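The structure that follows is given in the form of structure tokens.
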Amino acid sequence: DQLGVPLTAEMARPLFAALATDTGWYRFSSTTGLTYRTAARLVEAGVVPAELYNALYEQDSLARLRLIGRALERARTELDGRLIHTAILREDFSATGALPSDSEDIINLTLAVAGTRVAMVLVEQAASGCKLSLRSRCELDCSRVAEQFGGGGHKAAAGAMLPEPLEAARQRVLDALRREMG
């Protein structure tokens, strides 16, 4: 609108997708009245939120769902349920037929467990080492933890690549999280 260009549905869809995903579908604390007014303008331009959500999040392969099942089966909680952690093994990909990209947002599913404030997922890499993902819904600064392992991010979400085998990586990261969370 500010550029004087008519807003079309084709233009509005990717803008709405970016706005929705960056705000966690309007759940994150960064969501403001302006966010909602912008979303409303994009809907007026032709975005159908349910269709967009379906296109983005409800097109999983059976292999991905099987990978999710393995990761959730392995999930454990600690610190009175405030910390949840799981791992995705190299063999999980071959056993399920899933791709590494299929593991991308499994960490967000672990945060659905009642009482969970911090989540950790380690994904064993094809060659060696592990990919660490951290999420926080509390005062814990994920970036501070990830920086201890050469990674980065921001307060609510961060990650790192760890060179060691999965079990050694798990122990190092859990030790750091236990220290941070008390």
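Between the stretch 101-155 and the stretch 52-88, how far is it from one alpha carbon centroid to the other, in angstrom?
12
In nm, give the distance between the simple-model label positions of Ser101 and Leu62, each being 7 Å from the Cα along the Cα-to-Cβ direction.
Simple spin-label model gives 2.1 nm for this pair.
Now for a different question. Sort 155-165, 115-125, 40-50 by the packing proxy (mean of other Cβ within 10 Å over each peptide's residues), most packed first.
115-125, 155-165, 40-50
If you don't mind, another one. Report the extension gain between Leu7 and Ser94 in nm, rounded to one decimal, defined as 0.36 nm multiplied by the number of residues separating them, less their alpha carbon distance.
Full extension from Leu7 to Ser94 adds 26.8 nm.
If you compute Rg and Dmax of the Cα atoms in Å for the structure shown, which of [x] 17.5, 54; [y] 18.7, 57; [z] 16.3, 51 do you land on?
[y]
So how far apart, in nm, are the two label points at Arg76 and Leu111 if each is 7 Å from Cα heading toward Cβ?
For Arg76 paired with Leu111, the spin-label model returns 2.3 nm.
Helix 166-181 versus the longest principal axis of the chain: what is the Cα-based angle in degrees, 0 to 90, to the nearest 10?
Rounded to the nearest ten degrees, it is 70.
Convert each backbone phi in the stretch 125-135 into a coupling constant with the Karplus relation 6.51 cos²θ - 1.76 cosθ + 1.60 (shift: θ = phi - 60°), then list the ³J(HN,Hα) values in order as whole Hz, x for Gly and Pro.
8, 4, 7, 6, x, 9, 9, 9, 10, 10, 9
Bear in mind that the values in this text are calculations on the coordinates, not laboratory data. Keep in mind that what you see is a predicted model, and the values were worked out from it rather than measured. Here the Cβ is made from the backbone with ideal geometry for all residues, glycine too, and neighbour counts use every protein chain on show.
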